[in-house]
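Input: a single structure, listed below in structure tokens.
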Amino acid sequence: MKDVRQSASTDNATSQPGDFSDATYLLHSGPAPSRQQGVLNPPIYRASTIIYDDMDSYVDRRSRFFDGVMYGLYGTPTTQALADAISHLEGGTGTVITGSGTAAIACALGAFVGAGDHIIVADTVYGQTRNYCEEILTRFGVEISYFAPDQLDRLEAMIKPTSKLIFLESPGSQTFEMIDVPRIVTLAHKHGLLTAIDNTWATPLFYKPLREGVDISIQSGTKYLSGHSDVMLGSISANNRPLFEQLKKTAGSNGHMASPDDCYLVHRGMRSLDIRMARHQENAQILMTWLAQQPEVCRILSPAWKDDSGHAIWMRDFSGASGLFGVAFHKHYATRLPRLIDSLQLFRIGSSWGGYESLVVPVYPKPARHYPSDRLENPVIRFHGGLEAPEDLIRDLEKAFHVLRNSSGSE
Ligand SMILES: *Cc1c(COP(=O)(O)O)cnc(C)c1O
């Protein structure tokens, strides 16, 4: 009874090793085992009803809304253990957990904009972010503008008296353009705008946007945090208490939550985040190096690739790269790429990424974009370098490229 009433954030004072590296922190995050009979991992607390000792404490239950356990919708100690771990990694004041990354994006936007407001969104955002802006926010009277990540000198002129928030994603979805985030934060501060970023690609292990002054950092925990392709979850981390409270209230009003079982699984996945990300990064470099040498390939799209136009910003701001990158092919091969994709065996075809397995998908970003880009002119296959032995992945590519070379262009 007593421990259910205590929030995870007050229960774990003896096991939040604040000054360890992220890798060590992730292994030791969570409530103190001594408070749960020595059980090492956070218990899965399933709950809708939370009961109270007496009427006074029930009447006072709202005081637990932000940090305690009040009603199942707002999370249990299992949710809080995960939220604390993500907050720590992002360097945030507080984190709200949602049922998916898409819900996290919708909740973050819904928390801070309303009728008559204007928001400025990177043209390279995830497709559902754009859909939420255009299909939902415009219906509620929010005006949307898009900016091109490579034309930041035009951004200031887009800011209006009604502008409220700038939404970022770096690198961009499908085409991997880097955004000069510190430059945008400076501009946003000058004009009193909020900034939010979708930080899923890098994970908070490799990029900490809140430290650069960004207000809100979003994760699709479905991807690397979970890491095993079996959970949907999202997180929104805030840089200060008022932002966190506004997010938590909005999540509550919208009914956003994730089940305690899924929170447990994502927290469990995060134990190995550091070692998985190192392997994803290493495998992606090996794959990019091999792919760049193939005559059919005209360009690698990844800030971690030495020739990429975003490489300098990535080197400056990020401490690593994930396993996701794009490969642009000469136009001539467009009709033959299905043969390549179908010939791969270890690289399965499927959306999502950040799990243990290698994946490929063809991407078609151009129709949604407002600005032209030389990244949109060639057929692109998106690769996710999984955790397999790299020599097996290369052998798989060799076989599939062999099929591509021996196929005719007419199919
Ligand atoms: C997958 C993804 C999302 C959406 O997350 P879900 O958990 O699938 O809803 C948001 N942003 C980025 C960059 C993603 O890759």
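Key figures for this structure:
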read-out: Whole-Å distance, taken between Cα centres, linking segment 339-377 and segment 249-301; value: 15 Å
read-out: Label-point separation, Ile286 to Gln151 (7 Å along Cα→Cβ), nm; value: 4.1 nm
read-out: Angle between the chain longest axis and helix 241-254 axis [Cα atoms, degrees, rounded to 10]; value: 80 degrees
read-out: Rounded if a/c under 1.5, otherwise prolate or oblate - segment 273-405, Cα gyration tensor axes; value: oblate
read-out: Beta bridge orientation in the chain: antiparallel %, DSSP, nearest 5; value: 55 percent
read-out: Inter-site label distance for Asp230 and Met55 at 7 Å from Cα along Cβ, in nm; value: 4.8 nm
read-out: From phi via Karplus (6.51, -1.76, 1.60), per-residue ³J(HN,Hα) for segment 105-117 in Hz, x at Gly/Pro; value: 5, 4, 5, 5, 5, x, 6, 10, 10, x, 3, x, 7
read-out: Theoretical ellipticity at 222 nm over the chain - DSSP helices of four or more residues, -39500 (n - 2.57) apiece, nearest 500; value: -10000 deg cm²/dmol
read-out: Point-charge dipole on Cβ atoms (K/R +1, D/E -1) for segment 336-404, about Cα centre, debye to 20; value: 360 debye
read-out: Centre separation in Å (Cα based) which lies between segment 47-87 and segment 123-143; value: 32 Å
read-out: For segment 336-351, Karplus couplings with θ = phi - 60° (6.51, -1.76, 1.60), whole Hz, Gly/Pro x; value: 9, 5, x, 5, 4, 4, 5, 7, 6, 10, 6, 7, 7, 8, x, 6
read-out: Inter-label distance, nm, simple model (7 Å from Cα along the C-beta direction), Lys366/Thr24; value: 5.2 nm
read-out: Principal-axis tilt of helix 273-292 within the chain, Cα atoms, nearest 10 degrees; value: 10 degrees
read-out: Amide hydrogen neighbours beyond the local backbone of Ile197, cut-off 5 Å, H modeled; value: Leu168, Ile216, Ser217, Ile218
read-out: Fully extended contour minus Cα-Cα distance, from Arg405 to Met158, at 0.36 nm per residue; value: 84.2 nm
read-out: Phi-based couplings in Hz for segment 157-168 (Karplus 6.51, -1.76, 1.60; Gly and Pro marked x); value: 5, 7, 6, 10, x, 8, 5, 10, 8, 10, 10, 10
read-out: Acute angle (nearest 10 degrees) that the helix 260-271 long axis makes with the longest principal axis of the chain, alpha-carbon atoms; value: 60 degrees
read-out: Selected from Asn254, Ser100, Phe244, residue furthest toward positive end of dipole (the chain; charges at beta carbon); value: Asn254
read-out: About the Cα centre, charge dipole magnitude for the chain (Lys/Arg +1, Asp/Glu -1 at Cβ), debye; value: 300 debye
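FYI, it's all coordinate maths here, none of it is from the lab. Small disclaimer: the values here were computed from a predicted structure and weren't measured. Quick reminder, even Gly has a Cβ in these numbers, built from the backbone with ideal geometry, and neighbours come from all protein chains shown.
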